[in-house]
Amino acid sequence: MEKILNILCADIGTTSLKMGIISQKGEVLCSVQKFFSNQNDSFLANQWLLAFKAECAELIENSVQISAICISGNGPTVVSESGRTLLWNNPLSEEIKKSTQKTKSLYIPQFLAFKKYFPDEWNASKYIFSGPEFVVYKLTGNAISVLPEKRFETAYWNKTELEKFGIETEKIPEFVPLGHNAGNATKAAVNEFGIPEVPVFCGGPDFITALLGTATVEPGKLCDRSGSSEGINLCAEKPVFKEGFRTLPSAIPGLWNISVIIPESGSILNEYKQEISQIEKKELSWEEIIDYSLDDKNSEGYRILCELSESVKNAVLSLKKLAQENNLDFCSTMNVTGGQAKNERWLEKKAFDCNINLEVCNTPDSELTGNAVVALYGLGIFENLQEAAKKIVFGTKKFSANQTQTKKIKIFKIPQNLKTIIFDIDSTLYTSPAYAFEQVDVQLRYWAKKRGITAREARNEISEFRKNWTKQHDGKKISLGNTLKNFGVTIQESVEMRKNLLEPANFLSRDEKLIETIKILKQKYKIICVTNNPVLPARKTLDALGISELIPKIIGLDTSGKSKPALEPFQLALDETDSKAEECLSVGDRYDMDLSLPLEMGMGAILVGGVSDVYLLPKILKEFCAR
């Protein structure tokens, strides 16, 4: 029976250490992640070692035999032998920036900054390491620097350039290639960390292992790597150097990586996560904060997710255009990795918004799989890194660009003698997450300004109020108008805000398919709209969509002075159309606001997820009548 090798893989992040055991077949046997207790610790590398020891104790069992260890990590982080750490994202002084502005090296500015800020540590340390190589040194006693591929030398350093900047070359360990065996774990390391005495490999920078762990090793392959920042990466057969794109060698000889960087995407979301964790009085996970944000489309978190999604969409489009202009391959599926890849709802939204298929590989933490790729190549199981990645990386979950992001249409009841259709407007007669968010947010920004607080504070306050209200009312939802009433904003003030602030034409455009749909429905039914917006912005919305002349009557917030789900707006709609409740069908995107009360009144009701569902109404009603 063939022996299956298992690799203990570790990736040092900016805020946490991830570890897992991955088999020769790419199976993730187990994994764990621990966050560093003090991320501002100037000896952060020593926390890496503590986390490594704790996670080894959780992962390593007698039943799983470890064949090798591989470490990757963030960079260009610089560490001394004592663990003094200068992280890759620590700000550098203007003096350091000015003195190094002509070098293409990412590390030389870090070396100079370390030497200036911590001269005693610099002088006392025999070696100065990059992040993951520090841990490799502590496990093996051997000092190395990993160069992912020889073309990376410009981005790293060479002896001549080190001497030019006054950096003692003997302090910087010699380069070794990816897959280099740094030696077996020492007996001291075996005793300290509870690891077996097996070969230790250095996976190098996490950027490289993430690309290997998503098999972004062939021309046209795409990878969305999210962490503190986010990069949309395209593997290409030739380099293209253009403003707005970062082009670096691939770890695969002869190939290149062209990327668009979205700075601080994860950092922004992490800041919001900490903020909401304080409000909730408990630490929320990434999955929880994304769910929290997606559940409230007027929250600060949802705004952040929409902005991130738009940034990814623009990055994908710009890379696709670059590929077309330069005759480069470009796949229809993009592999995703990082913390944001752990929430399926977010990936569904991202795939839909960006119009590209997304796929999660063996694990969302693809750096771990990349470490397994490196170690298995180093052990001689595969001839090269490309073969290793292609053999052990596989997709586990795909999210289609074509899948609907809306709720599936749900028919609660269609009246036998249907004469009138009552449409909600917003997110029913159009699908525009940007405008759906803006029409609420513009009011919150205005209200925040009057109160002397930030828009972010207002969003969080309103979001928390609505969440608690829903908990206290058996899961029911509360409208914005009724929410603001609890903060002293009268309905009349809310009406005036919306009249003055909402401009739907900035977000919406003529919808020929909707126009045709409404025309067909009008041949047989009376049509009226009931909305929680005032009539003026509601009319502007219908104008922008091109259906204003087809729907002459609107019952708005200023018509009845009440927000749905109050009785008054629906009763006015019945009076205006001279209809009985049992002759009406209410169509909307929110059950609590648009359908619950109409059903109680005896109307029919259809829940839609957006305008694409509205397009289906003529067919649905025709089939119903034919029964």
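Every read-out reported here was derived from the displayed coordinates using simple, explicitly stated rules and does not represent laboratory data. Note that the structure is predicted; figures quoted are calculated from it, not measured. Every residue, glycine among them, receives a Cβ derived from its backbone with ideal geometry; neighbour counts consider all protein chains shown.
For the stretch 246-283, GluC sites (Glu not before Pro) meeting the loop criterion (DSSP other than H, G, I, E, B) and having at most 14 other Cβ atoms within 10 Å: Glu264, Glu283. State log₁₀ I(q)/I(0) for the stretch 49-200 at q = 0.09, 0.14, 0.18 Å⁻¹ as given by the Debye formula over alpha-carbon point scatterers of equal weight, solvent excluded. Cα-only, vacuum Debye calculation for the stretch 49-200: -0.31, -0.71, -1.08. Roughly what angle does helix 44-59 make with the longest principal axis of the chain, taking Cα atoms, 0 to 90 degrees, to the nearest 10? Helix 44-59 sits at roughly 80 degrees to that axis. Cα centroids of the stretch 268-324 and the stretch 1-32: how far apart, whole angstrom? Answer, in whole Å: 28. Picking from Thr517, Thr216, Leu501, whose Cα lies most toward the positive end of the charge dipole for the chain (charges on Cβ: Lys, Arg +1; Asp, Glu -1)? About the Cα centre, the residue reaching furthest to the positive side is Thr517. Could you tell me how many degrees, from 0 to 90 and to the nearest 10, lie between the Cα long axis of helix 108-117 and the main elongation axis, the longest principal axis, of the Cα atoms of the chain? Once rounded, the angle reads 80 degrees. Show log10 I(q)/I(0) for the stretch 362-484 at q = 0.21 Å⁻¹, two decimals, from a solvent-free Debye sum over equal Cα scatterers. Evaluating at q = 0.21 Å⁻¹ gives log10 I(q)/I(0) of -1.23. Tell me the angle of helix 433-451 to the major Cα principal axis of the chain, expressed in degrees between 0 and 90 and rounded to the nearest ten. With both axes taken from Cα atoms, the answer is about 90 degrees. Take the Cβ atoms of Arg456 and Ala57, set R0 to 30 Å, and the FRET efficiency comes out at 0.15. Protection proxy ranking, highest mean first, for peptides 213-224, 68-79, 517-528: 68-79, 213-224, 517-528, where packing is the per-residue count of other beta-carbon atoms within 10 Å, averaged. Spatial offset of the stretch 124-182 relative to the stretch 420-446 amounts to 56 Å, using the alpha carbon center of each. Dividing the helix sum by the residues of the chain, where each DSSP H run of 4 or more adds -39500 (n - 2.57), gives a mean residue ellipticity at 222 nm of -12500 deg cm²/dmol. Distance between the 7 Å Cα→Cβ label points at Glu95 and Ser400: 6.1 nm.
From largest to smallest, the equivalent ellipsoid semi-axes obtained for the chain from the alpha-carbon gyration tensor read 56, 26, 23 Å. Spatially, the stretch 78-110 and the stretch 235-266 are offset by 22 Å when compared through their Cα centroids.
Farthest toward the positive end of the dipole of the stretch 245-393, out of Ile268, Leu328, Cys354, is the Cα of Leu328, where the dipole comes from beta carbon charges about the Cα centre.
Averaged over residues, the count of other Cβ atoms within 10 Å places the peptides 351-358, 185-192 in the sequence 351-358, 185-192, highest first. Taking trypsin sites (Lys or Arg not before Pro) across the stretch 276-343, the ones in a DSSP loop with at most 15 further Cβ atoms lying within 10 angstrom of their Cβ are Lys281, Lys282. Projecting the Cα atoms of Val373, Thr470, Ile392 onto the dipole axis of the stretch 339-474, where Lys and Arg carry +1 and Asp and Glu carry -1 at the beta carbon, places Thr470 farthest toward the positive end. Among the trypsin sites (Lys or Arg not before Pro) in the stretch 362-460, those located in a DSSP loop and surrounded by at most 10 other Cβ atoms within 10 Å of their own Cβ are Lys408.
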